[in-house]
Amino acid sequence: MPAHRVFITGASSGIGSALARYYAGQGAALGLAARRGEQLQALVRELSSAGAASVSCYPLDVADAAALQAAAEDFIVRCGPPDIVVANAGVSSGTLTECREDLDVIRRILDINVFGLAATFSPFIPAMRQRAAEGNPGRLVGIASVAGIRGLPGAEAYSASKAAAISYLESLRLEMRSSGIRVVTIAPGYIETPMTAINPYPMPFMLPAAEAARRFARAIERGTSYTVIPWQMGIVAKGLRLLPNWLYDRLFANAPRKPRNASE
């Protein structure tokens, strides 16, 4: 499935910018959204001379549904309905429920990582549904995480948000089944991004962002319903899911934690 039109959130850095570079190299028309406008503009300038058919820039917060609606309408007018929408925007931070000052951080993580998925997809679905009925099926792609498979200590909000993302995307996949639109869930392990750079612990099977983007794109093209990248982390995650609670608790209760209030 050639990707002629691709809309990506969280595009200013990390996985989002790596995917933008990949699809620019394929000659796609891009819509790029992110909170950090200056970084986003710099990426747009880079990609405009890197083979992209066109690059539209949308500085916004994915927790702002109205802003995403406006961005979607503008992109569709400029380029037509997208072939691929990647809801990639996400934040991570160490959080502790016992600390009252973390409650706002917990809410923010859930707003971006869960509500942001629905806010991203919603304004595109009608046009993509119509296009699929004409024989051009598209992809709605949600970036989850292996952290959603089992809860991690000190990461209540992030683990919960990614578990919710996985379940939300599964429900959406069922909803979209008869429409011809495929829903792709990608659960990354450790990818070299600003988000993982602050982790003070070993990160096995780490992938460079550019290589991760290539693997993501292959899964998106196939329309894979759910995949863990890299695959080795999928085996680890499945093993952890099978552990009884008493053993999981003993192994992970004192695991290293992401610093509190260190988000990306």
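Here, each number is a calculation from the coordinates, and none is a lab measurement. Please read all numbers here as calculations on a predicted model, not as lab measurements. Note: ideal-geometry Cβ built from the backbone for every residue, glycine included; neighbour counts use all protein chains shown.
The angle between the Cα long axis of helix 231-242 and the main principal axis of the chain comes to about 50°, on a 0 to 90 degree scale. Here is how the number arises for the chain: DSSP H runs of 4 or more residues each give -39500 (n - 2.57), the sum is divided by the residue count, and the result at 222 nm is -14000 deg cm²/dmol.
Once the chain from W231 to D74 is taken as fully extended at 0.36 nm per residue, the excess over their C-alpha distance is 52.8 nm.
Summing Lys and Arg as +1 and Asp and Glu as -1 over all other residues whose Cβ lies under 13 Å from the Cβ of L247 gives a net charge of +2.
When the chain is treated as a Gaussian network with alpha carbon springs shorter than 10 Å, the biggest mean-square fluctuation among P126, P188, P59 belongs to P126.
Peptides 235-241, 65-71 ranked from most to least packed, by the mean per-residue count of other Cβ atoms within 10 Å: 65-71, 235-241. Note: the stretch 5-252, Cα convex hull, 124 Å³ per residue. Close amide-amide hydrogen proximity is noted between V55 and L30, each under 5 Å apart and 5 or more residues distant or on a separate chain (H modeled in the peptide plane; Pro and chain starts excluded).
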